[in-house]
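Down below is the structure, laid out as structure tokens.
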Amino acid sequence: MIIDCHTHLWRYPGELTEELARETFIMRKQEIDLNLTNEMHDAAVAKVDRAIVFGLRAPLTGFFTVNDTVADYVRTNPKKIIGFAAICPTEEDALTEVDRAVQELGLRGLKMSPIYGGWDPLHPRALQIYARAEELGLPIMFHQGTTFPRKAPLKYANPILLEEVALRFPNLRMIIAHIGHPWEAEAIVLIRKQPNVFADISGLFYRPWQFYNSLRLAVEYGVADKLLFGTDYPIATFDETVEGLHNVVQLSKEMRLPPLPDDLPDQILHRDTLNLLGLDDPAEA
């Protein structure tokens, strides 16, 4: 089974500011269609068996996704699409929104981002949300790494900041998006130490040297089995991501570098992500 654990959905215009949209174009140095429709997302995940989808709440940098947008989409294909709620602890109703997202909307995890939202991962209000997520069995996808908006504070971005979260909430399953780039080494040593912390490989293939070193380090530390497949749609596609995985293995051979295992792409692509995250398969519900 192929599971894409990292895809986005939002409405634009409406849920992203114009300033954020301009910064997104600069980030990829190409135009990206940010006006995502359900049909576009369906096409993007056509080659996977299950897909996790979420928006982002970060008023500081211009993300205003409404969780109902994701929930409405999940209802169009509940056997395949798994929705996570976007939560920002700087918002007054954040904790209440977690409960609403689960009880009323049927969402099954959280997406949070200290750097986009400008909040300390150990802020008391964030800790309340982690506690509720642990209680409800909700995994949290963290964008815990760098990003492009000018206002996003790097001081909250290093994956090491999640170590204390993992220690305080040992049963909380967490995913570090993009292996925490450019702090991949920190993310890798963290997932080695903490049994319920994982990382996804989304959005890294277009930096092949960085990608190679990250994957090689994961192999050397013995945590390649904790890397999850994700695309970061719409920033990247399924085909691009799979091709990038295979290309980086080939690169290690052509450059006579310490090799990556030939089967590493297939290991990551067919990872049992739902089981690792404690999520039931929606097709069996």
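Figures for the structure shown
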item: Once the Cα gyration tensor of the stretch 3-284 is diagonalised, semi-axes √(5λ) in Å; result: 27, 21, 19
item: Value of D in µm² per second that Stokes-Einstein yields for the stretch 1-119, Kirkwood Rh from Cα pairs, at 20 °C (1.002 mPa s); result: 146
item: Computed [θ] at 222 nm, helices only, for the chain once each DSSP H run of length n ≥ 4 contributes -39500 (n - 2.57); result: -11000 deg cm²/dmol
item: P(r) histogram, all alpha-carbon pairs of the stretch 194-244 included - 5 Å bins from 0, percent; result: 5, 21, 28, 26, 15, 6, 1
item: Ranked list, fewest to most other Cβ atoms within 10 Å of each Cβ, for 270, 178, 6; result: 270, 178, 6
item: Net +/- balance of residues flanking residue 185 in space, Cβ distance below 15 Å, scoring K and R +1, D and E -1; result: +1
item: With Cα atoms, 0 to 90° folded angle of helix 184-193 axis to the chain main axis; result: 80
item: Other-chain or far-sequence residues with amide H under 5 Å of residue 138's (modelled H); result: none
item: Gap separating the Cα centres of the stretch 238-285 and the stretch 73-119, nearest whole Å; result: 26
item: Prolate/oblate/rounded label for the stretch 58-214 (Cα gyration tensor, a/c 1.5); result: rounded
item: Nearest 10 degrees, 0 to 90: helix 18-28 Cα axis against the chain principal axis; result: 10
item: Under 21 Å from residue 151, Cα to Cα: lysines that are on another chain or at least 8 residues apart; result: 29, 111
item: Share antiparallel - DSSP beta bridges, the chain, percent rounded to 5; result: 10
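Since every read-out is calculated from the coordinates, none of them should be taken as a lab result. Remember, it's a predicted structure, so these values are computed and weren't measured experimentally. Note that we place each Cβ from the backbone using ideal geometry, even for glycine, and neighbour counts take in every protein chain shown.
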